[in-house]
1. Let a ≥ b ≥ c be the square roots of the eigenvalues of the Cα gyration tensor of segment 1-40; is it rounded (a/c under 1.5), or, if not, prolate (a/b larger than b/c) or oblate?
2. Taking 7 Å along the Cα-to-C-beta vector as the label spot, tell me the residue 13-residue 167 distance in nanometres, rounded to one decimal.
3. Using the Kirkwood formula over every pair of different C-alpha atoms, what hydrodynamic radius in Å results for segment 1-115?
4. Which angle between 0 and 90 degrees, to the nearest 10, do you get for helix 48-60 versus the longest principal axis of the chain when only C-alpha atoms count?
5. Run the 1.4 Å probe and let me know the accessible area of residue 53, rounded to the nearest 10 Å².
6. What accessible surface, in Å², does a 1.4 Å probe find on residue 42, ignoring ligands, DNA and RNA and rounding to the nearest 10?
7. For 95, 120, 70, give the ranking by accessible area with the largest first, probe 1.4 Å.
8. What distance in nm separates the two pseudo spin-label positions at residue 30 and residue 128, each 7 Å out from Cα along the beta-carbon direction?
Amino acid sequence: HVQQASRLMAEGDYRAAAIHLKKVLSRSPEHAEARLRLARIHLGLGDIESAEKELERAEELGADVAGLAELKLRLLAARGEYAQVLASLGMLSDELPGELQYELRGTALIGLRNGPAAEETYRDWLAADPGSAAAAVGLAKALAIQGQVDEAMNSLRTIVDRDPANADAWL
């Protein structure tokens, strides 16, 4: 069920994935990985309170430290606690992959309306990974909050031309 849930999550079918994870938890309530994945699903569906509860349970059960750290930072961002995200990133930099650090830092800086710093973060990410659509979308957001709407739109058009199925660029 956990593998099936993972596949469904990758396909974006969070509700079906949640059903599989709840089946696992009905039989094995101490399954830390299932709880962590369920927390991720709740967050993806915008249910912050349920995500926090499952995250706490996963932590009590000894879930993967890196997975816990990532989800805690995503929850902080979802609650709008952007300064805390930045402070926590500084303490966790060795535990998180670079792409995730760029993503969370950029999200926090945009949330704090610091367009120039967000732009720098996303440009650094693009320098490290020139093909990253997520970094290009983030850069467009950073440009837009600085009033550089035409440049942001051109950046998004480039992403959509390269990958017409990129939902983030369309949004």
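1. Here segment 1-40 falls in the prolate category.
2. 1.4
3. Values: mean 1/r = 0.0687 Å⁻¹.
Answer for segment 1-115: a Kirkwood hydrodynamic radius of 14.6 Å.
4. The angle comes out near 60 degrees.
5. Counting only protein heavy atoms, the figure is 100 Å².
6. 30
7. Output order, biggest surface exposure first: 120, 95, 70.
8. Roughly 3.8 nm, to one decimal.
The values are calculated or read from the model by the stated rules, or taken from the named source; none is laboratory data. Computed from a prediction, not measured in an experiment: that's the story for all the values here. Neighbour counts run over all protein chains shown; Cβ positions are idealised from the backbone, glycine included. Quick note on the areas: whole protein, heavy atoms, side chains included, nothing else; ligands and nucleic acids left out. Shrake-Rupley method; radii C 1.70, N 1.55, O 1.52, S 1.80 Å.
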